[in-house]
Amino acid sequence: MSRASLVLAKSKSELTRAQARYNFVQSEYDAALLAATALADAATTAEAVADTSTRLLVQAMRPTGSPRQGVSPLDVLFGDSSEEALLGELSTVERLNSQSVDPEVLAARADRDHDRAVAARAHADQAFTAAGQLPLDEARTELEAAEAAVTAATAAVAALRVAGAAATQVAALPPAPLDDGRLIDAAWTAPGSGPITDTFGPRPERPAGAGPFHYAVDIGTGCNAWIVAASAGTVSAAGAFSGLGNRIVIDHGNGVTTSYAHLVDGGIAVVVGQAVAAGEAIGLSGSTGVSTGCHLHFEVAIDGVRTDPIPFLAARGVTVG
């Protein structure tokens, strides 16, 4: 098993653990929040009862000469209480009205109901605080990190598989013909100026739509830069060609051809059958076809089999890049 596969297996194991922890903390949080909400509802009812006890006390302590009587259920119905506390208040009114309206008794009852309401609200607040202290955010962050790690490890394994497929493809190719020195005495030159941005060979990471093997050298010429014939020959193709965009092919004789691709639209300056000299301008660089930016895609083929342009030109005293 490759190192990348081991990393993927470990990442998946960590993801399973993080998912289980998150699920547990989430269930704990849901239960705590449900309990806190129930306590908050109980506190609201206790506060309504305390308010009713206070109103009873106030009425019982009216100035001398005022009739002292209990609270009517209608007072509750038309008061400010919520529907949740209404039944509790009505029950309290009936219970208190059936008892003595002695102010001392009512005062004691009001104090007790007030203390119960305060305690109930404090208990509810504590429950909400405890729910908020559960490490739900921490568990979520850990889960997201584990998911990202699995994604990265999966991509790494996929890249290795692509690289392996490319290597297999290269191994299955017929051997490139040996450079037997054909045209060794002919004049050769670099087809464009700029740094080498991609070389001949497999490329695990490739632009969308491109193959796993790069049969050329890419030269970072920039946009609208003049491209020249690498050597004298006759133009055998000039026009759009699949993913290579606008392309020129020059036949140099003795089975050697060169190809210049991704030229800008309208940037082909030669026609099929035209004879060109080494270093003669033939077109302008661009980014047509499958390309991520302006550059020259330069190929060399010997007897129809593409070969690495860099050593081919180096053998003729030409440095690219």
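Give the residues of the stretch 1-36 that are farther than 30 Å from ALA153 by Cα and exposed (fewer than 14 other Cβ atoms within 10 Å of the Cβ), sorted by residue number. If the condition is that a residue be farther than 30 Å from ALA153 by Cα and exposed (fewer than 14 other Cβ atoms within 10 Å of the Cβ), then ASP30, ALA31, LEU34 are the ones that fit.
Every residue in the stretch 246-286 that is under 47 Å from the mean Cα position of the chain (by Cα) and within 11 Å of GLY233 (Cα to Cα), please.
Start the filter on the stretch 246-286 by keeping residues that are under 47 Å from the mean Cα position of the chain (by Cα), which leaves 246-250, 257-270, 281-286.
Answer for the stretch 246-286, where residues must be under 47 Å from the mean Cα position of the chain (by Cα) and within 11 Å of GLY233 (Cα to Cα): VAL249, ILE250, THR257, THR258.
Screening ARG116 against (1) surrounded by 18 or more Cβ atoms within 10 Å (Cβ to Cβ); (2) over 30 Å from LEU136 (Cβ atoms); (3) of a type outside the set (Phe, Trp, Tyr); (4) modelled with pLDDT of 90 or more leaves a single unmet condition, (1).
Return yes or no: is SER285 farther than 20 Å from TRP188 by Cβ and either part of a loop (DSSP other than H, G, I, E, B) or touching a residue at least 60 places away in the same chain (Cβ under 8 Å) (or both)?
On the way: farther than 20 Å from TRP188 by Cβ: no; either part of a loop (DSSP other than H, G, I, E, B) or touching a residue at least 60 places away in the same chain (Cβ under 8 Å) (or both): yes.
The answer is no for SER285.
Here ALA163, ALA130 are screened, and the one residue that is at pLDDT below 90, part of a helix (DSSP H, G or I) and farther than 30 Å from GLY253 by Cα is ALA163. Which of the residues spanning the stretch 219-246 are part of a loop (DSSP other than H, G, I, E, B) and either on the phi < 0 side of the Ramachandran plot or not assigned by TED's automatic domain parsing to the domain that holds SER291 (or both)? Scanning the stretch 219-246 gives GLY220, THR221, CYS223, ALA225, ALA229, ALA230, ALA232, PHE241.
The values are calculated or read from the model by the stated rules, or taken from the named source; none is laboratory data. In this text the structure is predicted, and so the values were computed from the model without any measurement. Neighbour counts are summed over all protein chains in view; Cβ atoms, including those assigned to glycine, are modelled from backbone coordinates with ideal geometry.
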